[in-house]
Structure formats: structure tokens, C-alpha cells
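The values are calculated or read from the model by the stated rules, or taken from the named source; none is laboratory data. In this text the structure is predicted, and so the values were computed from the model without any measurement. Reconstructed Cβ throughout: ideal geometry from the backbone, glycine too, with neighbour counts over all protein chains shown.
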Amino acid sequence: MTIGERIKMLREETGMSQVDFANKINVSKQTLYKYENNLITNIPSDKIEAIAKTASVSPAYLMGWSDSKDGKGKHKLYVNIEASDTEEAIFKAVQLMLRMSGAEDKADTLSKEEALKLYELSGFDNVQTVNEQPTTIAAHFDGDEYTEEELDKIKEFAAFVKSTRK
């Protein structure tokens, strides 16, 4: 499910019209329409926060990083990221999560400040840096929480990463 689809679903669950929901998050009806239909995928972090608050869900759920509306789902992704400091590691980790959730445009234009804010809102609480090139990226899945389509996207992302090697 894309971020736009999730926004639309949550708005409908609240029973709000596009006009009412747009007013609550301080955007125009046209902008909300573009969010819901994935015409704008570069959604500012303050709007992610406003949407999540209005829909009573966590930003992590809204971004697709958790399957639990309170953001405390079982999914955890462990990735070694080469970085000189924790802020850089957080920045790279948030970019990776955005790319994996289909928000490549947002990942490409993300500032460090936005990444830190999204990280803070996400509920994740552990980023570690390593001083050498990572040799392993591992994910642990508890059961059947991913559809075949989602697993295909994960495989496509892994192929993309391999294609960027020098």
C-alpha cells in the first residue's frame, strides 16, 4: 500500500471529507487529492506528522514502516550503514526506508533535518554506525506479514542496490 493509499484510507476511516481533512492538516483540497493519488510523493515531514495526528496513527504506520497503527508493530529491519556519525546514519537509514516504501522522490530531496524529525516521529530507537563497509544486510520477518508483491519489491530494491556498485 502506498503512502497516498494509506492517507486516503485513514481519511475515509475518520469519516472526514477531503475539504475537512485538508483543513485539519493545513493544505488545500487539491494538495490532499495529490497526496492521496500519489501525484505528490514528496510530502513534507510536518504534513506527515499532521496527517498521522489527525488520523490518530503513528507516523511510522503512515509511512508504511509499521503494520501497527500505534507504530509498535513487530517488524524490525537491521541494516549496517557506513556513516561518520549517528546523524548521518539516521539520514541514510530514513532515505533507505523511504526508497523501500516507494517514496524515491522524497528520499532524493530529504534534508538531514527532515530525516531526523521523521526518525524521531517513527518510534525507532536504535541506529548504530559502523566504520567499515557493511558486508551484510539482514531483515527478520515474523511469519507471513509480507505479500508476494511486497517481497518482489524488496527483491527489486536489493537488485537496485547491487546495480549501483562500482
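Name the residues in the stretch 107-166 that are in contact with a strand residue (DSSP E or B) (Cβ under 9 Å, 6 or more places away or on another chain), modelled with pLDDT of 70 or more and under 19 Å from SER66 (Cβ atoms), would you? Within the stretch 107-166, ILE154 is the sole residue that qualifies. Residues in the stretch 6-27 include at least one that is within 12 Å of the chain's Cα centre (by Cα), modelled with pLDDT of 80 or more and of a type outside the set (A, V, I, L, M). Only a single item in (1) surrounded by 15 or more Cβ atoms within 10 Å (Cβ to Cβ); (2) assigned to a helix (DSSP H, G or I); (3) modelled with pLDDT of 80 or more; (4) out of contact with any strand residue (DSSP E or B) (no Cβ under 6 Å at 6 or more places or on another chain) is not met by GLN30, and it is number (1).
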